[in-house]
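One structure is given below, encoded as structure tokens.
The values are calculated or read from the model by the stated rules, or taken from the named source; none is laboratory data. All of these numbers come straight from a predicted model, not from anything done at the bench. Cβ: placed from backbone, ideal geometry, glycine included. Neighbour counts: every protein chain shown. Note: areas computed on protein heavy atoms with side chains; ligands, DNA, RNA excluded. Shrake-Rupley method; radii C 1.70, N 1.55, O 1.52, S 1.80 Å.
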Amino acid sequence: QASAVALPSTTTDFPHSHEKIASPPDTPYFLDNQFVQSQASQWIELHDPATNNLVTRVPQSTDAELKAAVASAEKAFKSWSKVTLLSRQQIMFKYVALIRQNWDRLAASITLEQGKTFADAKGDVLRGLQVAETATGITSMMGEVLEVSKDMETRTYKEPLGVVAAICPFNFPAMIPLWCIPVATMTGNTLILKPSERDPGAAMILMELAAEAGFPPGVINVVHGAAPTVNFILDAPSIKAISFVGSNKAGEYIFSRGSANGKRVQANLGAKNHATVLPDCNKNHALNAILGAAFGAAGQRCMALSVCVMVGETKEWVSEIAERAKELKVNGGFEESADLGPVISPEAKRRIEDVIASAEKEGATILLDGRGAHPEKYPNGNFIGPTVIANVKPHMRCYTEEIFGPVLVCLNVDTIDEAIEMSNNNEYGNGTAIFTRSGPSASKYQSEIEAGQVGINVPIPVPLPMFSFTGNKASIAGGGANTFYGKPGINFYTQTKTVTSHWRSEDAVATKASVNMPT
Ligand code: NAD
């Protein structure tokens, strides 16, 4: 029999520091509103990216634990799907308030486990919180009714699917679980959440708050681990839908195996977001916007602007981009002065440094080299300084691969048409931005560019939760039919039932059967 344990001290005591933890506690799983110590035989060590000190061990959930999580969610679905929308809404109001009260605590867990700066981690929480806030308004978004002819009406009902699952990436430990939890549960589903095995702390705090807000046991259960847990989710017959955010390698596999098993799958994948800079733009705004979007979160955002397409004379501005980037401070995420923290792991650091080396070998110009940067206080962290690479050509590895680090690659073209063509030829199509003062240029760009999210003088145009997170090309599986949050998010998590009814006074009922389609 599983027994309840406490959350690790790193999430309850709100440490706000990179100090070594004396005896790092294990991360429990979450079942029926209780934290439970796993009986796992395999554990994944989680290290603070700023120091590489051990923070916690994350279990590879056992088969029995995975089955128990699904059985509990199946049982909870029977009653949760019958709870009135207004009662679910009351729970969501409380959840929203609790997330706001625990904002700093959530952000501290993110900085400790993921590495991003504390200020940026607060943004991670906020963008998820906004999805929860918007989900409280779901009462006005569920179903439609129309009187289709006299005495006849058609209405649609949005019914929950059953047990659904979410598989999350490491780069937004609060936001991405919160893309799923509010929409899945408010529509009446129960949810199996698998946070990234690299930073589950924020998701665990979100579970403590979910129980406190009044979610009944089993409505949200958390399991842990890597590929074996994902494979279990992909094959579990009672899981009806899967939400995935992460890399193309994992996501394409998850999309095809999940779909082949008859499940709905939404999968947001990798990116290589291009910024097009026109000579008529507000230069100061454009350069600052690009720097923030390229190097914020150490470039580990799916909406990072990692490619700059300099049009015409703006190629002369690249050295200024490098000069300004040099001013950004790399430091432990809890340090006030930090503009960017470390990358997630020593392997990620090695891979990113390898891509920088390949650019040098292939003939690009390294204008600013972040390799070897480490703040004095954190000699063992996975730090890379801002890196700016100029004279990049489309065949180079630094252009073709998603780098997912603080590296900005710059290419030169002569016209806006060439910039659009280059961006459209790139396999990814998550987001893009154009910097210009010209309405016609912006309008041309917006209509011809093949990207899910377009910013006009806006570097990271992530849609707020009343819209939906749209992607294009290789950045989203299944051609982008299923997108997260907003109305499409509600559609993803529900089955639409359409009921047509006919109410006519008894004396008006026809006496003979009609066998033809009504004309
Ligand atoms: P990842 O694909 O390595 O991991 C994501 C999830 O998949 C994790 O929960 C992990 O356990 C699981 N996983 C990993 N490999 C697997 C395998 N072989 N089989 C089964 N499951 C597997 O991604 P990550 O490194 O955590 O996140 C970074 C990636 O996510 C980047 O490519 C980034 O662009 C992308 N991302 C995309 C969006 C978006 O909305 N488009 C948002 C955030 C991140």
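Residue-by-condition table, conditions (1) over 19 Å from THR229 (Cβ atoms); (2) within 15 Å of the ligand (Cβ to nearest atom):
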| position | (1), (2) |
| --- | --- |
| VAL245 | no, yes |
| SER256 | no, yes |
| ALA260 | no, yes |
| GLY270 | yes, yes |
| ALA275 | yes, no |
| ASP280 | yes, no |
| LYS283 | yes, no |
| ILE290 | yes, no |
| GLY299 | yes, yes |
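Only one residue in ILE366, ILE352, ILE403 is away from the ligand (no atom under 16 Å from the Cβ) and aliphatic (A, V, I, L, M), so which one is that? Let's see the steps before the verdict.
Numbers: ILE352 fails: away from the ligand (no atom under 16 Å from the Cβ); ILE403 fails: away from the ligand (no atom under 16 Å from the Cβ).
Exactly one residue qualifies, and that residue is ILE366.
Here is a list: THR519, THR496. Which entry is more than 16 Å from the ligand (Cβ to nearest atom), of a type in the set (Ser, Thr, Tyr), surrounded by fewer than 20 Cβ atoms within 10 Å (Cβ to Cβ) and closer than 26 Å to ILE254 by Cα? Before the answer, list the steps.
On the way: THR519 fails: closer than 26 Å to ILE254 by Cα.
Going through THR519, THR496 in turn, just one is more than 16 Å from the ligand (Cβ to nearest atom), of a type in the set (Ser, Thr, Tyr), surrounded by fewer than 20 Cβ atoms within 10 Å (Cβ to Cβ) and closer than 26 Å to ILE254 by Cα: THR496.
Given the condition surrounded by fewer than 24 Cβ atoms within 10 Å (Cβ to Cβ) and in contact with a helix residue (DSSP H, G or I) (Cβ under 6 Å, 6 or more places away or on another chain), answer yes or no: does some residue in region 144-161 qualify?
No - not one qualifying residue is present in region 144-161.
Where in region 380-476 are there helices (runs of 4 or more DSSP H), lying fully within it, with 2 or more residues that are of a type in the set (Ser, Thr, Tyr)?
It comes to 397-400, 439-448.
Within region 199-208, does at least one residue satisfy the condition of being outside any loop (DSSP other than H, G, I, E, B), within 9 Å of the ligand (Cβ to nearest atom), open to solvent by 10 Å² or more (accessible area, probe 1.4 Å) and touching a residue at least 60 places away in the same chain (Cβ under 8 Å)?
No - not one qualifying residue is present in region 199-208.
Where the second residue is part of a helix (DSSP H, G or I) and modelled with pLDDT of 95 or more and the first is farther than 9 Å from VAL163 by Cβ and open to solvent by 40 Å² or more (accessible area, probe 1.4 Å) and lies in region 66-80, which pairs have Cβ atoms under 9 Å and are six or more apart or on separate chains?
LYS67/PHE232
Please go through region 143-177 and give me each residue that is within 16 Å of the ligand (Cβ to nearest atom) and either without any contact (Cβ under 8 Å) to a residue 12 or more places away in the chain or not hydrophobic (A, V, I, L, M, F, W, C) (or both), ordered by number.
PRO169, ASN171, PRO173, PRO177 - these are the residues of region 143-177 that are within 16 Å of the ligand (Cβ to nearest atom) and either without any contact (Cβ under 8 Å) to a residue 12 or more places away in the chain or not hydrophobic (A, V, I, L, M, F, W, C) (or both).
Within region 213-228, can you find the residues that are within 15 Å of the ligand (Cβ to nearest atom) and either in contact with a His (Cβ under 8 Å, 6 or more places away or on another chain) or under 14 Å from VAL164 (Cα atoms) (or both)?
VAL222, VAL223
Could you please find all residues in region 342-375 being under 25 Å from LEU112 (Cα atoms) and in contact with a helix residue (DSSP H, G or I) (Cβ under 6 Å, 6 or more places away or on another chain)?
Hits for region 342-375 are VAL343, ARG371.
Tell me the residue from GLY439, GLY478, GLY431, GLY486 that is within 24 Å of PRO279 (Cβ to Cβ) and either surrounded by 13 or more Cβ atoms within 10 Å (Cβ to Cβ) or in contact (Cβ under 8 Å) with a residue 60 or more places away in the chain (or both), please.
That would be GLY431, the only listed residue that is within 24 Å of PRO279 (Cβ to Cβ) and either surrounded by 13 or more Cβ atoms within 10 Å (Cβ to Cβ) or in contact (Cβ under 8 Å) with a residue 60 or more places away in the chain (or both).
How many residues are under 30 Å from ALA267 (Cα atoms), of a type in the set (Ser, Thr, Tyr) and out of contact with any helix residue (DSSP H, G or I) (no Cβ under 7 Å at 6 or more places or on another chain) if we restrict to region 485-519?
Residues that pass the stated criteria total 3.
Please state which of the following conditions ASN52 fails to meet, knowing it meets all the rest: (1) modelled with pLDDT of 95 or more; (2) in a helix (DSSP H, G or I).
Single failed check for ASN52: (2).
Suppose we keep only residues that are under 11 Å from ARG397 (Cβ atoms) and of a type in the set (A, V, I, L, M, F, W, C) within region 351-373. Which one would you say is surrounded by the fewest Cβ atoms within 10 Å (Cβ to Cβ)?
This residue is ALA357.
Which of the residues that make up region 233-243 are near the ligand (Cβ under 10 Å from one of its atoms) and either without any contact (Cβ under 8 Å) to a residue 60 or more places away in the chain or open to solvent by 10 Å² or more (accessible area, probe 1.4 Å) (or both)?
Answer for region 233-243, where residues must be near the ligand (Cβ under 10 Å from one of its atoms) and either without any contact (Cβ under 8 Å) to a residue 60 or more places away in the chain or open to solvent by 10 Å² or more (accessible area, probe 1.4 Å) (or both): just LEU234.
Out of the residues in region 279-302 meeting the condition of being under 20 Å from GLY429 (Cα atoms) and open to solvent by less than 10 Å² (accessible area, probe 1.4 Å), tell me which one is farthest from the chain's Cα centre (by Cα).
ILE290
When you scan region 207-217, do you find a residue that is within 21 Å of ALA40 (Cα to Cα) and of a type in the set (Asp, Glu), even just one?
no
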